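> The structure's right below; bear with me while I get my questions together.
The values are calculated or read from the model by the stated rules, or taken from the named source; none is laboratory data. This one's a predicted model, so the numbers in the text were calculated from it and none came from an experiment. Glycine gets a Cβ as well: all are built from the backbone with ideal geometry, and neighbour counts include every protein chain shown. Accessible surface is based on the protein model in full, side chains and every heavy atom, while ligands, DNA and RNA are left aside. Shrake-Rupley method; radii C 1.70, N 1.55, O 1.52, S 1.80 Å.
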Amino acid sequence: MQGTTLSRWTLSYFAVAVVFLLAAQALMALGVGYPSAALRAPQTLIVVHCVTVGWLSLLMCGALFQFVPVLLARPIYSNMLPLPALILIVAGLGALIAGFLQLAGALPWMPHCFIAAGILLGSGFAVVLWTLGRTFARAWPPNLPAQFVVVGLCAIAVTVTFGIVFALGYGGYLHSALLAKLRVHALPLHVIAGLGGWLTFTAFGVSHRLLAMFMLSPELDGPTTRWTLYLGTLALAIVVGAGTVAAATAGGLEIALSLAGLAGLACLALYGSDVVQLYRRRVRRVIELNSRMAAVALAHLAAAVLLIIACAALGGIARFSGALVFLVCFGWLTGLGLAKLYKIVAFVTWLECYGPVLGKTPTPRVQDLVVEPRAARWFWLYFAAVDFATLCLFTGTPLMFRAAAAFMTIATLGIAVELVRTRRLVNVKEALRLPSGAHAPRLLLTFVAH
Ligand code: HEM
């Protein structure tokens, strides 16, 4: 990563994202949303979008602003545009939540909220796509891991478009029969494009590079990785293409989703075999905490896939969709996100503070910025609470679920405190902390030399 510009606003994205995660977990512990309310209840929609937009999407955007230049070995198109994008997305999510609060009767009716949400979220993600798109344009055609990110960015554009249609529908602005049909039938497409295409497929691409980089494994670009890309892209194309046609004509979404499911399963199997290769062929024998916890998150992805297959076979997808979406969001995506955040914050802080004085004065190693045994306890508590919460959703025990959500919140708070300590260099011995020429890091902003 030497020579790559640090992203100025990535840490702000991470900080806002962690706040939304803690808020969503605290709401679940307080009995807001599913399973204490119906799956499509406004309270559930608030929690769902705090997690999917406020936490997972902001985390992914922040990571991409830092790692797309690493993947492409080209500087980011603009180190300023990420700030207005962040403000637009947070303001848009605020308007969407206000819209859902109105539906719940907690706020007086202001229909413009949903149109404001659509415009703000739409333009916020458009600025993200523009900034990353222009960066890709400078390095076209992109290498293999970067191609996963390109597909993921197309998927967020689709997800947000469907989201805007739904939001306009709630605001009473949909007058076309076609859009009205989409509003009724396209929700699964919105969810799959968002959780599957944008968040999971992009994570596949980025994790190929990050796992190889942090475990010192040879990067994979052979047929298994290429076919992971082709089959995943095919699955998403079927969901978006055939799925939209089916939803717009109110006809058999099941056929499109089953075909996409087959291609998606093959994609997941190939990705799984690649990940096993990355762990097996690593040079760094002692696996750091972030890679160990990433492996636990990957195991949760495998468990979610097996449960989805079992539910599909037993006709229980609709009944257990809440539990399955929960496991994908908190076992796989949040588990991986927190594990990678633990490493990225330390890495970016080390590079920012000690990069300029490397070789000129004694400096700590990246590992000296963290205390893994202490953080490991919070990570294990987090995954244990997620597993218990998932079990509660499958067995229909809302009160126990709330207790599990409370432990998820405590564990996440513990991890967040570790991230702040790392950023504050608290774990680095006094003598090595700030050698001359090194800058004290600011919590939310990365110091960029030029
Ligand atoms: C990564 C991005 C996103 C993901 C993963 C996502 C996921 C979801 C999920 C899982 C649901 C169903 C929730 C339930 O039934 O309880 C949902 C519904 C909805 N989403 Fe999103 N969402 C995303 C972004 C957006 C955006 C950007 C908007 C608005 C512009 C939006 C607007 C909506 C609306 C209005 C509904 C309710 C649909 C209905 O009940 O008919 N979503 N979303």
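> Criterion first (open to solvent by 30 Å² or more (accessible area, probe 1.4 Å) and touching a helix residue (DSSP H, G or I) at 6+ places or on another chain (Cβ under 9 Å)) does A295 satisfy it? Walk me through it before giving the result.
On the way: open to solvent by 30 Å² or more (accessible area, probe 1.4 Å): yes; touching a helix residue (DSSP H, G or I) at 6+ places or on another chain (Cβ under 9 Å): yes.
Here the answer is yes, as A295 does meet what is asked.
> Looking at A26, A104, A38 in this structure, which one is open to solvent by 20 Å² or more (accessible area, probe 1.4 Å) and either modelled with pLDDT under 95 or among the acidic types (D, E) (or both)? Spell out the reasoning first.
Details: A26 fails: either modelled with pLDDT under 95 or among the acidic types (D, E) (or both); A38 fails: either modelled with pLDDT under 95 or among the acidic types (D, E) (or both).
Of the residues listed, the single one that is open to solvent by 20 Å² or more (accessible area, probe 1.4 Å) and either modelled with pLDDT under 95 or among the acidic types (D, E) (or both) is A104.
> Continuing with the same structure: For region 181-228, give me each residue that is away from the ligand (no atom under 11 Å from the Cβ) and either among the charged types (D, E, K, R) or assigned by TED's automatic domain parsing to the domain that holds C329 (or both).
K181, R209, E219, D221, R226
> Just to be sure I understand the filter: pairs with C-beta atoms under 6 Å, separated by 6 or more residues or on different chains, first member in region 143-162 and on the phi < 0 side of the Ramachandran plot, second member assigned to a loop (DSSP other than H, G, I, E, B). Which pairs pass?
L144/D221; F162/A186
> Can you tell me which residues in region 70-83 are surrounded by 24 or more Cβ atoms within 10 Å (Cβ to Cβ) and either closer than 19 Å to L211 by Cα or within 8 Å of the ligand (Cβ to nearest atom) (or both)?
The answer is L71, and nothing else.
> Starting from residues that are among the aliphatic types (A, V, I, L, M) and open to solvent by 10 Å² or more (accessible area, probe 1.4 Å), keep the ones in region 312-323 and report whichever is farthest from L257 (Cα to Cα).
Of region 312-323, the ones among the aliphatic types (A, V, I, L, M) are 312-314, 317-318, 323.
Next, only the ones that are open to solvent by 10 Å² or more (accessible area, probe 1.4 Å) stay: 312-314, 317-318.
Details: A312: 11, A313: 14, L314: 16, I317: 12, A318: 14 Å.
For region 312-323, the residue satisfying everything is L314.
> Within region 141-180, can you find the residues that are more than 9 Å from the ligand (Cβ to nearest atom), closer than 24 Å to S57 by Cα and either buried (at least 22 other Cβ atoms within 10 Å of the Cβ) or among the hydrophobic types (A, V, I, L, M, F, W, C) (or both)?
Within region 141-180, L144, P145, A146, F148, V149, V150, V151, G152, L153, C154, A157, V158 qualify.
> Please verify whether C353 is of a type outside the set (A, V, I, L, M), closer than 29 Å to F326 by Cα and open to solvent by less than 10 Å² (accessible area, probe 1.4 Å), treating the condition exactly as stated.
Details: of a type outside the set (A, V, I, L, M): yes; closer than 29 Å to F326 by Cα: no; open to solvent by less than 10 Å² (accessible area, probe 1.4 Å): yes.
No: the conditions fail for C353.
> Restrict the check to region 272-286 and report whether at least one residue is open to solvent by 50 Å² or more (accessible area, probe 1.4 Å), within 29 Å of V366 (Cα to Cα) and under 21 Å from the mean Cα position of the chain (by Cα).
no
> State which residue pairs qualify: first residue closer than 22 Å to L168 by Cα and inside region 76-104, second residue surrounded by fewer than 19 Cβ atoms within 10 Å (Cβ to Cβ) in any location, beta carbons under 7 Å apart, and separation of 6 or more residues or different chains.
L88/S123; A98/L107; L101/L107; Q102/W109; Q102/M110
> Can you tell me which residues in region 117-135 are over 20 Å from the mean Cα position of the chain (by Cα) and more than 10 Å from the ligand (Cβ to nearest atom)?
Within region 117-135, R134, T135 meet the criteria.
> Answer yes if at least one residue in region 433-448 is surrounded by 14 or more Cβ atoms within 10 Å (Cβ to Cβ) and under 20 Å from the mean Cα position of the chain (by Cα), and no otherwise.
Yes, the conditions are met somewhere in region 433-448.
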